[in-house]
Amino acid sequence: MTQNKDIKQLIFKLIITVTLSIISHSAFAQIFGGDQNPLSVKWRQINTSGFKIIFPSELEKEAQRMANTLGYIYPHVGGSLGRQKTTIPLILQNRGVIANGFVQLAPKKSEFYTTPPQQFDSQDWLNNLAVHELRHVAQYDKLTGGKAYPFPEYVYFAWFGVSIPLWFFEGDAVTIETALTNAGRGRQPSWVMPYRASLLEGKKFSYSKASFGSEKDITPGYYQLGYLMASNIRKEFGKNIFDSLLTDIRKRPVRLYPFSNSLKKFTKMGTKKWYNHTTEILKKEWTSQSEKSPTENYPALNSESKFATNYFLPVKIKDGRILTLKQSKAETAHFAIIDSAKNETKLLSIGYQEQPWFSYANGVIVWDEIRYDPRYRQRSYSVICSYNLKTGKQKKLTTRSRIFSPSISADGKKIVAVKIDLSNKCNLIELDAETGATLTTIPNPENLILQTPSYNPTANLITYISVSEKGKALWVTDKEEKTEQLIKETQQQISRPIYINRGIAFNAHYNGIDNIYSIDTVSKKISALSASKYGAFNPTQADSTAAIVFNNYELTGYQISEMPLSPKPIGRNNFVYFDGAVQKQENTGSVFNNIPDSTYISKPYRALANLFNVHSVIPVIENEYRGGLQLNSDNLLSTFSFFTGVDYYRDLKKFEYNAGFTLKSFYPIIQATYRNRPRRTFYNAKSGVLQGDWRENNVQLQASVPISLNALNDTYSFSFNALTSYTQRYQPENLPSTFINKLIFPMEYSFTFNHGTAQAPRDIAPKWAQIFRISYMNQPFDDHLNGMLFAFEGFLYFPGLLKNHSFLVNFNYQNTSGIRKYDQEINTVYGYSNIQARSILRNTLLFNYRFPIVFPDAEIGPLAYIRNLRAGLFCHYENIGSDTNLAEPKTFGFELRSSMNLLRYQPVFDVGARCVFVNKVYNQNPILELILNYSF
């Protein structure tokens, strides 16, 4: 019986790993701390009110604005947690096109991704980030005592991960972003729409399912769950409840379920009871809202699905079929056409989009998608692509661009889109739909954030949305660049305007539910077009008749419906606002009303002068015989990491001293490690087996070049690595005269190629991927140590018999000689370590078939949340062509595995067992292997 992980090492690594996904502004949930910018970025800094704002030179104006904003609003943001001041570095990132923000420890910093998204709140994007992320800073300061450098930060961060659920961190931050501003996600019906739909449709989720998600249903998500629970707790127990709660957690950190127990101490209810209590209130309030809100039933034009499936942005093409962007728990995003019998035809899979978006006209589809820099992943682009339905040809119209929300003209010749440059300057531009060349740039003198433009039928008018701290507004501009504001700034979530007949249809929530509205461009009268129970979105005119197709939200996701174009009164606003009590407790109004307008001194930020940033000392447990302490340093730009430490070898009763660094500024990543360590070996002598000890100085140097390209649904990765070392051995004890005291620059080279397609949530392994890896090791500089190793590994993934099944063919070959004769560099058959070898390992051929069985979403009290049950069959061959008959595998068998969350913590554990049957020539009983892994 074997285990895949050493349990003691697993536990500590788990605690550290928990921290890697604690705080992230958006549901995209970016894992922070690892990516770099290109060397061409020129950094500057402003120091004020405890904030060190580090920013690219193009963002001087935005940095000055944040310098005025952060120190002014922080006392309000942190007030209910007893925090008035803070000290933290803030990095403004402008090279990427994915909107996000986070706060972290190890090292302590915050990052704002400054490019605004095309769909977000009705306020300035950086202000939106500031109020939300500063609440996380206040949470951290409260838990760490507010020290400028809460050393050791890794330990604090790990403790947060095992002490406090994610829903609290994010829910508390959303309550503050809503209460302290005129906007906030708590005011958006669409944001809580999935939760509302599930409750009103009688689909009550367990606490764990609501927190951790599902691979079959749409669940609230920990942002929404947290907001609703946090606002309810504050409503019932006052402004300072979370101050008391976090203080108690800090005073008594070492407990099982510290957050739930502290919550119970002050409120008489733990987390699960609060979830049930809040759910009852939500259902009552939303039921009352539903009874007050007249609604209409809209039959779906798409087929019914058993699990969450979205059909975004439907549009009727000339033959009456419907074109849509489909995405589900079982399938990645792709264009599909649906006929009148609800049969679907898949067209083209596309790449990652920050929000679902495409535009269609005259047989051509245009859309935007994210493309990454091959090496510096902080830099990404939004490129415009097109697909011709007649020819089936796909084209990339722009390269290395920052262009968003393209909309094509009715004749298919022009595209209007939003362009945002590195200084956050925002403009509408027109592109040639055939070549992608820029035709026109439309001025935006106030530099409003612009969103989702579209043409009128003759392409001589453009309508679009603007966003500022005042709210969202609807505009029209013509060929002569005369601009008219049709709807003044409002807190309505106006989005995706599109010309229909004499008016412009758009999304808003005037009646407290997201629905489709229209405005007459002459009279400026606003009318309602839909009356959906949960939400209606994305209208397009069905044909020349007075009808529109649109998205109607239902329990399983965004469905396709059609309705006559029949304007009706807006109706009464029945929105249920859950943050009202918190807003009264804070009693600040909008914290952005009176921001100062000072000018601060900015100066260059020298990356080389700030390489070292020591932040943590952590315990390191390698195994039951070896452990120690390690000092860690990571610079703020994630380009240089350093460690130094000491380990104690319990069996040798001696210490190891080590240090190392990783430099990621340049195209190759350079790593160097030094170790002064004790060593022990056993060797055969005339008197028997003897033990020999020594110490050695070992220096290791590695250079690697990781390159990754993505296009549509495909990702291509290349990795080149070269590794060498030098070892000087000394203080030999009881060693033979032939003992070699120097190992001079052995070389290791490797090259890896990886091609894969995106995976859906229900995929348990890739369905189409290829991985090839070549390794070579030798000793070209050492005449005393002859030997080499050459290895090749090839992985070919294919779709299985049914959806979400995967079949893997893995062929591995190695050739070894000399001192590397018995080395193993390739994958072995299952059970290898429990079977006595009959020959030197040369090759393996491994067949694995994996498939899901069921997705139970089962909560076993506080112990486990079972996400899925899956199985695998395998048949493994070894040394084909030599001592193994190809017709008889060395091992074969089956495995059962399950993904689960344990003890209501965020990591997903992979737990299972594998039964391995061995070829009869080995005379070996079946082998049982236990499986235990974890991931995020």
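Quick note: the coordinates plus some simple rules give every number you see, no bench work behind them. Everything quoted here is computed from the prediction, not taken from an experiment. Counting neighbours? That spans all protein chains shown, and the Cβs are built from the backbone with ideal geometry, glycine included.
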Angstrom value of the Kirkwood radius, inverse mean 1/r, which spans all Cα pairs in the chain: 30.7 Å
Within the range 100-114, the residues whose backbone N lies under 18 Å from a label point placed 7 Å from the Cα of SER708 along the Cα-to-Cβ direction are 100-101
Which of ARG677, ARG572, ARG135, ARG914 has the fewest Cβ neighbours within 10 Å, and the rest in rising order: ARG572, ARG677, ARG914, ARG135
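Between their Cα atoms, which of LYS306/LYS342; LYS283/LYS533; LYS42/LYS142; LYS342/LYS803 are more than 24 Å away from each other?
Flagged as over cut-off: LYS42/LYS142.
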Quick one: net charge of ARG867's neighbours, Cβ under 15 Å, K/R +1, D/E -1? +1
Rank-order 501-513, 690-702 by packing density, defined as the average count of other C-beta atoms within 10 Å over each peptide's residues, highest first. 501-513, 690-702
Would you mind classifying the range 309-564 by shape? Square roots of the alpha carbon gyration tensor eigenvalues, ordered a ≥ b ≥ c; an a/c under 1.5 is rounded, otherwise it is prolate if a/b is larger than b/c and oblate if not. rounded
List the residues whose amide H sits under 5 Å from the amide H of ILE560, counting only those 5 or more places along or on another chain, with H placed 1.01 Å from N in the peptide plane. LEU301, ASN302, ASN552
Between ALA913 and THR752, what length comes free when the chain is fully extended (0.36 nm per residue of separation minus the Cα-Cα distance, one decimal in nm)? 54.9 nm
Relative contact order computed over the range 309-564 (Cα-Cα under 8 Å; 6+ residues apart), in percent: 12 percent
Considering only Cα-Cα distances, which of the following residue pairs are longer than 21 Å: LYS61/LYS488; LYS425/LYS664; LYS203/LYS284; LYS147/LYS268; LYS209/LYS272? LYS61/LYS488; LYS425/LYS664; LYS147/LYS268
Stokes-Einstein D (µm²/s) once Rh is taken as the Kirkwood radius of the range 92-180 over alpha-carbon pairs, at 4 °C in 1.567 mPa s: 93 µm²/s
Test of understanding: what is the full-extension gain from LYS203 to LEU903, defined as 0.36 nm times their sequence separation minus their Cα-Cα distance? 249.6 nm
Modelled label-to-label distance, SER737 and PHE237, 7 Å Cα→beta-carbon offset: nm? 7.8 nm
For LYS390 and GLU291, extending 7 Å from Cα along the Cα-Cβ vector and measuring point to point gives, in nm, a value of 5.7 nm
Taking the inverse of the average 1/r across all pairs of different Cα atoms in the range 782-838, what Kirkwood radius in Å do you get? 14.1 Å
About the Cα centre of the chain, what is the dipole size in debye to 20, counting +1 per Lys and Arg Cβ and -1 per Asp and Glu Cβ, all else neutral? 1480 debye
By a straight-distance test (C-alpha under 19 Å), which lysines pair with LYS395 as possible cross-link partners, with residues fewer than eight away in the same chain excluded? LYS346, LYS413, LYS414
Where q = 0.12 Å⁻¹, what log10 of I(q)/I(0) comes from the Debye formula for the range 828-936, counting one point per Cα? -0.51
Shape of the range 463-598 from its Cα gyration tensor (a ≥ b ≥ c, root eigenvalues): rounded if a/c is under 1.5, otherwise prolate when a/b > b/c, or oblate? oblate
Which one, SER262, SER198, GLN224, is farthest towards the positive end of the dipole of the range 157-274 when Lys and Arg carry +1 and Asp and Glu -1 on their Cβ? SER262
Most packed first (mean Cβ within 10 Å per residue), the peptides 522-528, 385-391 order as 385-391, 522-528
Set the Förster distance to 25 Å, then compute FRET efficiency between LYS264 and TYR577 from the Cβ-Cβ distance, nearest 0.05. 0.35
For a label point 7 Å from the Cα of ASP319 along Cα→C-beta, name the residues of the range 358-398 whose backbone N is under 16 Å from it. 362-365, 388-393
So, over other residues within a Cβ distance under 11 Å of ASN804, counting Lys, Arg +1 and Asp, Glu -1, the net charge is +3
Pair TYR716, VAL254: separation of 7 Å Cα→Cβ label points (nm): 5.5 nm
Sum up the charges of everything whose Cβ sits under 14 Å from the Cβ of ILE740, counting Lys and Arg as +1 and Asp and Glu as -1, but leave ILE740 out. 0
Theoretical FRET efficiency, 1/(1+(r/R0)^6), r = Cβ-Cβ of SER833 and LYS653, R0 22 Å, to 0.05: 0.15
